[in-house]
Structure formats: C-alpha cells, structure tokens
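Here is the structure we will look at.
The values are calculated or read from the model by the stated rules, or taken from the named source; none is laboratory data. The shown structure was predicted, so the numbers you read here are calculated from the model rather than taken from an experiment. Every residue, glycine as well, gets a Cβ built from its backbone with ideal geometry; the counts of neighbours run over all protein chains shown.
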Amino acid sequence: MRRLIIDGDLPTSSELAKEAGVSTTTIYNHFPESIPGILRELIQRIDRAAAEAATARQPQGGREMARAALTTYAVELTKLGRGGRFILKERFEIHQPSSPDDIRPFFENQVAAWLTADGYANDETLWATCRRCGVLWRGAGTSWILSDESTRRHDDAYAVSDSEFIELSRDCLEAAIAMTGLTRPS
C-alpha cells in the first residue's frame, strides 16, 4: 500500500488486494480505513522529519528552525511525487480553521513559536509575518500540486518544479519578514 501511494497512485481496494495477493473482503476486514491510515502515517513521518530538521537548527535560532522545517517538508513531499502532491492537498484541508474564531492555523502558530523563542515580540507584526509566510508557502505548495506533469497544461506559467517548490519553501519566511518589516530582536 505504501509503495503504491509513494509511487504516486492512490490504489483502490481491489488494486491493493491484488498487490497483496488477498481478497478485497480481506482488505476491508483488516484495513477498514487503509488509505486514510496510510496517509496519516506518511503525514506524521513528514512532520517528524520537519521537526527533527528544526530541532537540529535550534542553536542558529527560530528563523533557521522555521526555514529548516519548511524546506524539509518540501523535500519530503517531492520525494513522494504525485503521492506528495496528494498528501499536501490533504494537509491543506486538514489544517483549515475549525471555526471563525480559530483564525491562527497550526502553521502560523508553529512559526510564531519559533520566532518568539528568538525574542521577537508577540505582536501584530509577528502574526502578520506568520500569516504571510503561510500564504506564500501555501501558494508555492498549490502551484506545485497543480504542476503535476500528468494533469497540467503545458502553457501554465505558474507551474513550479520540485526544485522551485523547495526553493520557494526555504525562502517564504524571509519574504514575509521583508513584506511586514518584522525586525530582529535587539
């Protein structure tokens, strides 16, 4: 199952049963949520890799931690090809605010935590920076999702390659900081 998803295809239960050499009934009995479960596992694996990359950069500070996490997330997704595009699309849907009062999604909260640990003031400029970083990263991710060679139009000027997605992911925090004028702590 993992191999089929990593190869970029979301298998049907029949395809999974054929691959495993068992009946479709066996698949349903043993893995009632097989595809969602595997997707959750892959998202958790990517989250762990991003968190480990951020932790490794802790001595360099919160900005570097955020850059490392964003870059690692993009690298891990691109390794999965079409499967990574599907996972990112699912991830965007998972992290929608649950209510109008929940205006700061997970992504912004994590970037804010890294920056405030560096001594940046927890103020409106910080939150505007985190929001813009999220918007830029989501835009890069969406352009990458839509750049799937098997489905995109060849004249799409906004399609981005794997390497462009990684580069945009690495640079989105610095671009957001430049846009909002967030200043380094003294």
Inset, instruction - Would you check if there is a residue in the stretch 76-93 being in contact with a Phe, Trp or Tyr (Cβ under 9 Å, 6 or more places away or on another chain) and modelled with pLDDT of 85 or more? - result: yes
Inset, instruction - For the stretch 114-134, enumerate the residues that are in contact (Cβ under 8 Å) with a residue 40 or more places away in the chain and out of contact with any helix residue (DSSP H, G or I) (no Cβ under 8 Å at 6 or more places or on another chain). - result: Gly119, Ala121
